[in-house]
Amino acid sequence: MNSSLISTVRDLRLKRGRERRGLALAEGVRLVEEAHAASLEIRGAIIGPALEATARGKSLKAALAASGVTMHEVPSDALRELADTDHPQGIIAVIVPPRWSLDHIVMRTHDTILVLDGVQDPGNVGTLARTAFGLGARGLVALPGTAELTNPKVLRSAMGATFRLPCVSAGLDQFVGWASDESVAIWAAAADAEPVAGTSRPERLALVVGNEGAGVSPAIERVATRSVAIPLADGAESLNVAAAAAILLYEVKRD
């Protein structure tokens, strides 16, 4: 079982392994805490000496043991070899991530979802999920070209948001069809558009942010009913996509 668990962790570091097994890795005390709190199934955990160096780590180990989670202890150097981070916190857990679909996103009056169109950096994708969750979005949709939602860096950056907020990978046609069926208007973020502040928003809104360099795709521009922007100071070209999304979500929420 121990060697099998280690082999599984190694396999799940690869996208094809995650896709084949339907599993993901949660690394670090905070993320494993979040997975446990969200009642995700934890198939097993590799732990190192660093986990018991803090009271929080000891508490997490005890909670996992009480839940019947299989744990395999390894030396620090062996954990570092398996970890995705430079300074692992003593635990890597194999989890069954939520299997979200568009049906899990229930839109009500004045609700917003965040849509990612080709956002490639996993750290940005995770931060965008955390931002969407924190600012009350009803869900997040990742369109083609966006970093995989179970990428270990996405999960770490999201800090548990993907365990609680419906985060769905969908094709463009699938998303557009869903938006039409649910009477959800599509707005695209663009540098040269009208300011979002003061813009009258629809009852149900999908706010789309695009690729870090290229912005939203022409396909999104064609289906969007409006483009909106954040006015910037003279000489400033753009904001980080996660920072821009936070401002846009806040503005449409308070409208």
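Nothing in this text is a laboratory measurement; each read-out follows from the coordinates by a stated rule. Since the model is a prediction, treat every value here as computed from it, not as a measurement. Neighbour counts run over all protein chains shown; Cβ positions are idealised from the backbone, glycine included.
When shorter helices are ignored and each DSSP H run of at least 4 residues is given -39500 (n - 2.57), the per-residue value for the chain at 222 nm works out to -11000 deg cm²/dmol.
Note on Tyr250 and Gln120: with the Förster distance fixed at 25 Å, the Cβ-Cβ geometry gives a FRET efficiency of about 0.55.
Just how large is the dipole of the range 2-95 about the Cα centre, in debye to the nearest 20, putting +1 at every Lys and Arg Cβ and -1 at every Asp and Glu Cβ?
Roughly 260 debye for the range 2-95.
Positive end of the dipole of the chain (Cβ unit charges, origin at the Cα centre): among Gly118, Ala24, Ser67, the Cα lying farthest that way belongs to Ser67. Convert each backbone phi in the range 48-55 into a coupling constant with the Karplus relation 6.51 cos²θ - 1.76 cosθ + 1.60 (shift: θ = phi - 60°), then list the ³J(HN,Hα) values in order as whole Hz, x for Gly and Pro. Once rounded to whole Hz, the list reads x, x, 4, 5, 8, 7, 10, 4.
Note on the chain: dipole from Cβ charges, positive end direction compared against His104, Leu207, Leu232; the farthest Cα belongs to His104. The phi-based Karplus calculation (6.51 cos²θ - 1.76 cosθ + 1.60; θ = phi - 60°) puts the 3J(HN,Hα) values of the range 150-161 at 9, 4, x, 5, 4, 4, 5, 5, 6, 6, x, 4 Hz, whole numbers, x for Gly and Pro. Label the range 2-95 by shape, choosing from rounded, prolate and oblate, from the square roots a ≥ b ≥ c of the eigenvalues of the Cα gyration tensor; if a/c is under 1.5 it is rounded, and otherwise prolate applies when a/b is larger than b/c, oblate when it is not. Verdict is oblate for the range 2-95.
Could you name the aspartates and glutamates in cross-link range of Lys61, using Cα to Cα under 16 Å and dropping any fewer than eight places away on the same chain? Partners within reach: Glu27, Glu33, Glu34, Glu41, Glu52, Glu73.
Spacing of the modelled spin labels on Leu14 and Ser76, each 7 Å from Cα toward Cβ, amounts to 3.0 nm. The candidate values are [x] 19.8, 60; [y] 18.7, 64; [z] 16.8, 49; the one derived from this structure for Rg and Dmax of the Cα atoms in Å carries the label [x].
Before anything else, pin down the relative contact order of the chain: Cα pairs under 8 Å, at least 6 apart, normalised by residue count, whole percent.
Normalised by residue count, the contact order of the chain is 19 percent.
Determine, for His87, His36, His104, the number of other Cβ atoms within 10 Å of each Cβ, and report the residues in order from fewest to most.
Exposure proxy ranking, most exposed first: His87, His104, His36.
For the range 102-254, the square roots of the Cα gyration tensor eigenvalues, ordered a ≥ b ≥ c, give a/c below 1.5, which places it in the rounded category. Within straight-line reach of Lys15, meaning a Cα separation under 12 Å, sit the following aspartates and glutamates at least 8 residues removed in sequence or on another chain: Glu148. Look at the dipole of the range 2-95 built from charges on Cβ: of Ser39, Thr54, Ser76, the Cα furthest out on the positive end belongs to Ser39. Would you mind ranking Arg130, Arg222, Arg30 so that the residue whose beta carbon has the fewest other beta carbons within 10 Å leads the list? With the fewest neighbours first, Arg130, Arg222, Arg30 line up as Arg222, Arg30, Arg130. Centroid-to-centroid, using Cα positions, the range 121-155 and the range 1-52 are 19 Å apart.
Pairs of alpha-carbon atoms within less than 8 angstrom and 6+ residues apart define the contacts here; what relative contact order does the range 2-95 have, in percent? Once divided by the residue count of the range 2-95, the mean separation gives 41 percent.
From the Cα gyration tensor of the range 69-190, with a ≥ b ≥ c the square roots of its eigenvalues, which class applies: rounded if a/c is under 1.5, or else prolate if a/b is larger than b/c, or else oblate? It comes out prolate by the Cα gyration axes. Under the simplified labelling scheme, the Glu203-Ala233 pair shows an inter-label distance of 4.2 nm, with each label point 7 Å from Cα along Cα→Cβ. Of all lysines in the structure, those lying under 25 Å Cα to Cα from Lys58, and not within fewer than 8 positions of it along the same chain, are Lys153. The slack between Val96 and Ala243, meaning 0.36 nm per residue of separation minus the straight C-alpha distance, is 50.0 nm.
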